[in-house]
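Comments concern the structure below.
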Amino acid sequence: MRKVIKLIAGYISRVNKYTKDEEEQIEYALRIIVFETLKIAGIIIIFSLMGYHIEAIIAMGTMVMTKPYIGGYHEDTQIKCFTATLIIIGSIIYLSVNLNIDFISKVILSAVSFYCILHQAPVINPSMPLTKPELIKRNRVVGIVSTLVFILISIVFYKNSVISNTILWTVVFQTLLMFNKRNIKWQVTDS
């Protein structure tokens with residue numbers, strides 16, 4: 001797959017007379033688009049086969065529209081990323097289907113999640129760091145606004161548990177996964 005992507009990026013670069021640096025950027029963008037599309041389609045297909053296609057689409061849609069902007073948990077390989085996403089979406093669907101949450105509880109969970117995102121976003125991935133202040137600011141604004149929109153949708157549709165619960169748990173998981181890095185180095189000493 002990577003070889004095909006590299007060939008396509010090379011072809012696009014030759015046709016448009018791009019520099020080597022621009023060709024690398026095209027290759028990177030193509031790789032992200034292809035792998036993310038495959039991951040999203042794979043997850044939706046797996047959960048559709050289990051009878052949870054609407055929940056999978058809502059959860060993946062919410063993640064796709066928020067995670068790139070608020071940042072958080074990342075894996076270092078595509079297989080690990082797919083596996084982690086599968087587990088996360090499975091957990092979201094399980095909680096969405098099996099926990100009946102009243103309106104006030106949804107508002108509280110949403111408010112706490114939004115407060116955390118407001119004060120943390122965007123979490124910069126060290127493997128793909130954003131360095132331009134204007135990009136960081138843009139991601140922050142887009143992430144906060146898109147999360148707020150999904151929270152409002154979840155609250156407005158609180159009587160439709162499929163929509164409301166799935167969005168709520170996706171936002172809660174996204175918030176939790178913003179805090180996955182530990183900077184403390186534990187030191188064991190012999191006494």
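Placing unit charges on the Cβ atoms only, positive for Lys and Arg and negative for Asp and Glu, gives the stretch 8-57 a dipole magnitude near 140 debye about its Cα centre. Residues considered: Thr62, Thr37, Thr77. Largest GNM mean-square fluctuation over the chain, using C-alpha springs under 10 Å, is found at Thr77.
A simple rule links phi to the HN-Hα coupling: the Karplus curve 6.51 cos²θ - 1.76 cosθ + 1.60 with θ = phi - 60°, which for the stretch 150-163 gives 5, 4, 5, 4, 4, 6, 4, 9, 4, 7, 8, 4, 4, 5 Hz, with x for Gly and Pro. For the chain, a crude dipole built from +1 on the beta carbon of Lys and Arg and -1 on the beta carbon of Asp and Glu, taken about the Cα centre, is about 300 debye to the nearest 20.
Along the stretch 54-67 the Karplus relation, 6.51 cos²θ - 1.76 cosθ + 1.60 evaluated at θ = phi - 60°, assigns HN-Hα couplings of 5, 4, 5, 5, 5, 5, 5, x, 5, 5, 4, 8, 10, 4 Hz to successive residues, with x for each Gly and Pro. Here, the chain is characterised by an Rg to Rh ratio of 1.04, where Rg is the alpha-carbon radius of gyration and Rh the Kirkwood radius. Nonpolar atom fraction for the chain, defined as the carbon and sulfur part of the 1.4 Å probe accessible area, stands at 66 percent. What FRET efficiency, computed as 1/(1 + (r/R0)^6) with R0 = 25 Å and r the Cβ-Cβ distance, is obtained for Leu118 and Glu22, rounded to the nearest 0.05? E(calc), rounded to 0.05, equals 0.10. In this calculation the C-beta distance from Val4 to Val149 is compared with R0 = 30 Å, giving a FRET efficiency of 0.25. Taking Asn165, Asn100, Asn16 in turn, the Gaussian network model of the chain (Cα-Cα springs below 10 Å) assigns the largest fluctuation to Asn16. Largest mean-square fluctuation among Ser105, Ser48, Ser154, in a Gaussian network model of the chain whose springs join Cα atoms under 10 Å apart, belongs to Ser105.
Ligands, DNA and RNA are left out, and with a 1.4 angstrom probe the accessible area of the stretch 18-78 is 57 Å² per residue. Taking amide H atoms as placed 1.01 Å from N in the peptide plane, the amide H of Val123 lies under 5 Å from those of Gly71, Gly72, each 5 or more residues away in sequence or on another chain. Dipole orientation for the stretch 69-166: of the candidates Ile144, Thr166, Gln78, Ile144 has the Cα lying most toward the positive pole (charges on Cβ; Lys, Arg +1; Asp, Glu -1). Within the same chain, lysines fewer than 8 places from Lys80 are excluded, and of the rest, those with a Cα less than 25 Å from its Cα are Lys3, Lys6, Lys39, Lys67, Lys181, Lys185.
The values are calculated or read from the model by the stated rules, or taken from the named source; none is laboratory data. Remember, predicted model here, so these are calculated numbers, not experimental data. Note: ideal-geometry Cβ built from the backbone for every residue, glycine included; neighbour counts use all protein chains shown. Side chains are part of the model used for accessible areas, which takes the heavy atoms of the whole protein and leaves out ligands, DNA and RNA. Shrake-Rupley method; radii C 1.70, N 1.55, O 1.52, S 1.80 Å.
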